[in-house]
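Below is one structure; the comments refer to it alone.
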Amino acid sequence: MNGLLQHYELPFNSVRPPSVISVPTSMPASDTYTIEAGIGTVSGRAIYALGEAALRRIDIIAILNKLRVVKGVFPHGDDTTLPNIETIYDDVLELSRHVFTVFVVNSLGQYSSTRSERICRPGLYSFNFRRQALQMLLAQIGSRQTRHLLLYLVKWPAVEISLFLSEVMACMPSDWLPPDTPATNMHRKLFNTYISSQRQDPPEDHTASPLLDFIVEFAQVNDAACEAVLDSGFLDMLLCMYTCGFTDSMISPSARSQTDSEIDEARDTIFINCSAALLALCRHPDFVAVISTHPVSVLWPKNRQLLSIFGCQRTERYEVWRQLGPMMARRRLQSLSLSRLPMTETDSDMDQVADAWVDLVQFSRGSLYDSQMTQYALELMRQYGYLLTLVSDAQRI
């Protein structure tokens, strides 16, 4: 994983394209192989019979014809009924692939089911083709019209689903992604498509809401889908959204006139929804074990249900922040202004204040962080201490 999980070993060996992907360039000589037929290929095996250059010329014509047809179908509502809707989604999903997957066949003539024996070669489809396909799919996600997408995406192998979800998340604002995750022009264009497709009356509470709900709904299809979600980097995105205070720096035009109280309400809403998403992923003990190895299980503010699953790990926060590194710590520090934290008497709110205090103590350590960070942390500690004293005095009156 990019940055966040370099110190945490997940059973699923997560990868996150486009920022991190291993691309083997050779195969074991003892194995035979086949190639999945793509949307434009006459046959997967034809690559080796005709030569790749010749085949690509054939493919381009076929793909352009396909795109002309499917563009007339997108975007559409969940109630759309077309006799060939499954074929249309199969084609668009195929064109969105980041990789061309070669499946190794063992001596018994069986396809390998282990990811380590799959060889992924990027670039089967051009950026232009992939961008058009992903734009169609992101428009469906942004508009919350995903019934058909859920139905046909689940047919893919889990590793391919994870790659697709990772690609979609890579289109989101950089604050929601691990530090140093590359952003390409294609991803920026895709994010604009996602934003422009969202409802305007009433507007979404938060830009992330349609994507969050889509991923959670997909994870609830079956255990394999949930595993694919955990393997896609979704936990990374949740953690990054938390560290930046659920900021919505790329809000839609209709939401730019929001008042401070409306922005705070939207932030509270997305936090509640993210907590519900995390809880939904905990439905199986094996999945709880995976989440427990991720730093989100330590840092995430816990409601009563999450507390019963993961326990209170406040003392572990020091070590987790140290392992995540200064860039993630800086994001968290910048989100800790008093105006962003609840200061009421509820247990949940005061738990968040206690977490913030522990984090500020960590960020004030000059041996780990630069002077600018430590000075700001100390200043916030003074402000927190003063305000908490006022709250305590008010409670005694």
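The values are calculated or read from the model by the stated rules, or taken from the named source; none is laboratory data. Quantities reported herein were computed from a predicted structural model and do not represent experimental measurements. Positions of Cβ are backbone-derived with ideal geometry, glycine not excepted, and every protein chain shown enters the neighbour counts.
Table for the structure above
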quantity: Residue in region 258-277 that is hydrophobic (A, V, I, L, M, F, W, C) and either under 14 Å from the mean Cα position of the chain (by Cα) or outside the structural domain of residue 74 (by TED's automatic domain parsing) (or both) present; calculated: yes
quantity: Residues (surrounded by 18 or more Cβ atoms within 10 Å (Cβ to Cβ) and touching a residue at least 60 places away in the same chain (Cβ under 8 Å)) located in region 75-100; calculated: 76, 89, 93, 96, 97, 98, 99, 100
quantity: Spans of helices (runs of 4 or more DSSP H) in region 293-373 with at least 1 residues more than 27 Å from the chain's Cα centre (by Cα) and modelled with pLDDT of 90 or more; calculated: 347-363
quantity: Residue within region 150-160 that is among the hydrophobic types (A, V, I, L, M, F, W, C), at pLDDT 95 or above and buried (at least 19 other Cβ atoms within 10 Å of the Cβ) present; calculated: yes
quantity: Residues of region 132-154 classified as closer than 19 Å to residue 230 by Cβ and part of a loop (DSSP other than H, G, I, E, B), total; calculated: 1
quantity: Close pairs (6 angstrom Cβ cut-off, 6 or more residues apart or separate chains): of a type outside the set (A, V, I, L, M) in region 170-196, assigned to a helix (DSSP H, G or I) and surrounded by fewer than 18 Cβ atoms within 10 Å (Cβ to Cβ) anywhere; calculated: 179/327
quantity: Residue check for residue 232: among the small types (Gly, Ala, Ser), touching a helix residue (DSSP H, G or I) at 6+ places or on another chain (Cβ under 7 Å), under 15 Å from residue 276 (Cα atoms) and modelled with pLDDT of 90 or more; calculated: no
